[in-house]
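Q: I'd like to ask you about the structure that follows.
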Amino acid sequence: MRAGPRNLITDVEGLLVGNAGDLRLCSGVTVLTAGRPFTTAVHVMGGAPGTRETDLLAPDRLVQAADALVLSGGSALGLSAACGVADALRAAGRGFAVDGQHVPIVPAAILFDLGNGGAKDWDTNPYPALGRAALEAAGVEFALGTAGAGTGATLHGLKGGLGSASAVLEAGGFTVGALVAVNAVGAATVADGPEFWAAPWELGDEFGGLGLPARFAPAAEARPGKTPGAATTLAIVATDAALSQAEATRLAVAAHDGIGRALVPAHTPLDGDLVFAVSTGRRALGDPVADLFRLGHAAAACLARAIARGVYLARPAAGDSLPAWSARFAGRARPD
């Protein structure tokens, strides 16, 4: 397994990602889309999710594909980012065709960043405009760290951020990618050091190449580091393998292992952890059992790496309630 040429989810051919953020608001939106609808599924393991249209993504539902996926700050208020995306897609003639109309399918998930010190005293909800702006910015290159839905994210002891990673499998040549907004109760780094829990899955030095510390206390008891209801890790994993919605659901389930590898603790009653899974269908499975097995492992590894990259690449900013990794561990490996 090796990283794709960009080490971004857009290494899955056909996918585009756009960010829109407001540093004064200290929040933002990330949109994943493509030129045509893509098979989409979801699996939720956190105890405090906030979502739109996720029931539609069950394998027994009428609609099997989405036009875009939205990750947003703003808690429940941020769900309206999907309205801005849907309006723009409808204006472009995109959407599920029914009775002479087009209805864009835009599932969304939100994280809580209302308490991070940003200016939240708006008269008009800013998220529909941020959603539209993120869609308009969609391309194969996009910023990580303090960007998009990761703009105002935090986790235990550090700023969170937007992360992405990719992998190309030797068997079958499939590409897998992950995109994540990290706003967790748990910690991405081990104890008080700079090393990332995701280190065993790191490719090269994509988040510093620090490895794991020689010794740590794996039995240490975790304590909540954030207000209940103020945390969530939102992720999308994608592949060019042709998957049914049921198979994509299994990919989302497997990818949750990546959250557990990169954040300690994970999937708590105080997190809204969820994973969307996307299939562009460009490459047929050779062996449906063996290939899905490999894809699940690759998705979990990619997601763990993406989480660490999102935290590693977060940038310091005026008014931060928590330090960025690069500021707290100055003198260690830092973002370029």
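Q: Return the ratio Rg/(2.2 N^0.38 Å) for the chain, where Rg is computed over Cα atoms only.
A: Against the empirical 2.2 N^0.38 Å value, I get 0.91 for the chain.
Q: Among 123-133, 62-72, how do they line up by average Cβ neighbours within 10 Å per residue, starting with the highest?
A: 62-72, 123-133
Q: For a test of the definition: using alpha carbon positions, the gyration tensor, and the 1.5 limit on a/c, classify region 183-318 as rounded, prolate or oblate.
A: Note, shape of region 183-318 comes out prolate.
Q: What Kirkwood radius, in Å to one decimal, follows from the Cα pairs of region 264-309?
A: Value: 12.9 Å, from the Cα pair sum.
Q: Something else about it: Per the Kirkwood treatment, what hydrodynamic radius in Å, one decimal, follows for region 53-111 from the mean inverse distance over all distinct Cα pairs?
A: 12.0
Q: Now for a separate question. Under the Kirkwood approximation applied to all pairs of distinct alpha-carbon atoms, what is the hydrodynamic radius of region 1-107 in Å?
A: After inverting the mean inverse Cα-Cα distance, the result is 15.2 Å.
Q: What does the charge add up to near Lys120, with Lys and Arg as +1, Asp and Glu as -1, over the other residues with Cβ less than 14 Å from its Cβ?
A: -3
Q: Tell me, Leu303, Leu114, Leu135 in order of fewest to most beta-carbon neighbours within 10 Å?
A: Fewest to most other Cβ atoms nearby, the residues stand as Leu114, Leu135, Leu303.
Where a number appears in this text, it was derived from the coordinates with a stated rule and is not lab data. All of these numbers come straight from a predicted model, not from anything done at the bench. We place every Cβ from the backbone using ideal geometry, glycine too, and count neighbours over all the protein chains shown.
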